[in-house]
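The structure appears below as structure tokens.
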Amino acid sequence: MTAVIVGASSGLGRALASELASRGGDLLIVASDPRDLEAIAADLSLRHGINVRGVAMDVGIEANPSARILTALEGMSPITGLLLPIGVSREDDDGTLDARGIGQLLAINLHAPLAIVHGLLAQLLQTRGVVVLFGSIASIRGRGRNIVYASAKRGLISLYESLRQRYRPDELRVQFYQLGFLATNLTYGMRLPMRALDPASVAKTVARRIGGRSAFRHVPRRWRSLSIVLRALPWTVYRHIRN
Ligand SMILES: NC(=O)c1ccc[n+]([C@@H]2O[C@H](COP(=O)([O-])OP(=O)(O)OC[C@H]3O[C@@H](n4cnc5c(N)ncnc54)[C@H](OP(=O)(O)O)[C@@H]3O)[C@@H](O)[C@H]2O)c1
């Protein structure tokens, strides 16, 4: 059994790599920095006696990110899980980004997950595997910040629905985590309205449920009711909220 983790070099992805390694499966880890990947792969394979391979690529510029993953998977045990905790946001994603900046955010946050899911789907269907996608509370309702990032994360919700609509639960399982704030690089130095979650505890939750059914979940759970309230607010009220 092999799990592929895209965005495995820091934050939640790194915590997931560590958590899944401790449970004994082989790993293929993907990120842009080769040194981080080498160090993580060496550490996890030594500590847990598993096979860990790394694929270093910048998915912001890679036209076909699944091709390198498929090549790296050759000779590994069958892939049973694809986890995509990849993501990048920018302070200037407030309507001032140029087309290049917009393209880069879409490539990393939306194109890469779409392309990698499509590329690995045939193998995941053979093992009745699981696709695990990670969204953000930033995409609950459009606002004046994280404009492109939130659009991409909304796109992932559509991908989640499409996969569930296209495949029966006994063919493919699809899990979506709508995440609140995490204490990771993405939020480093930011003033947050609430305490950021420890990525290790979120990784434990994801790993515990990975063998289970398809589902859309909010982490932390209170964001589910907050989302319902935010989405239910009349536009004339919502548009005045500075969030
Ligand atoms: N942190 C939060 O508060 C928060 C809130 C809501 C949702 N989320 C979502 O939760 C997930 C995990 O976030 P996180 O906070 O753990 O992020 P993080 O610590 O910044 O880690 C992001 C991962 O993505 C990889 N990555 C970024 N750009 C890449 C590129 N161009 N090519 C290849 N890999 C790339 C990074 O590797 P390299 O550094 O090597 O590029 C890293 O491994 C993401 O989907 C994020 O959008 C996070």
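What follows draws every value from the coordinates through simple rules; no lab data is involved. Quick caveat: nothing in here was measured; it's all calculated off a predicted structure. Cβ atoms come from the backbone with ideal geometry, glycine included; neighbour counts cover every protein chain shown.
Estimated at 0.36 nm per residue, the fully extended path between residue 63 and residue 141 surpasses their Cα-Cα distance by 25.1 nm. Descending by average beta-carbon neighbour count within 10 Å, the peptides 205-212, 42-49 line up as 205-212, 42-49, the highest first.
Are there GluC sites (Glu not before Pro) in segment 7-103 that DSSP marks as loop and that have at most 15 other Cβ atoms within 10 Å, and which are they?
Sparse-neighbourhood loop GluC sites (Glu not before Pro): 74, 91.
For segment 174-243, the list of chymotrypsin sites (Phe, Trp or Tyr not before Pro) that fall in a loop by DSSP and count at most 11 other C-beta atoms within 10 angstrom reads 188.
From a point 7 Å beyond the Cα of residue 183 in the direction of its Cβ, which residues of segment 203-243 have a backbone N at a distance under 16 Å? Hits in segment 203-243 for residue 183 at 16 Å: 203-204, 220. Compactness ratio for segment 2-238: Cα radius of gyration over 2.2 N^0.38 Å (N = residue count) comes to 0.99. For segment 108-174, the convex hull spanned by the alpha carbon atoms encloses 72 Å³ per residue.
Report summary: the helix-based calculation at 222 nm, which adds -39500 (n - 2.57) for every DSSP H run with n ≥ 4 and divides by the residues of the chain, gives -13500 deg cm²/dmol.
For segment 90-243, relative contact order (Cα pairs under 8 Å, six or more residues apart, normalised by length) works out to 24 percent.
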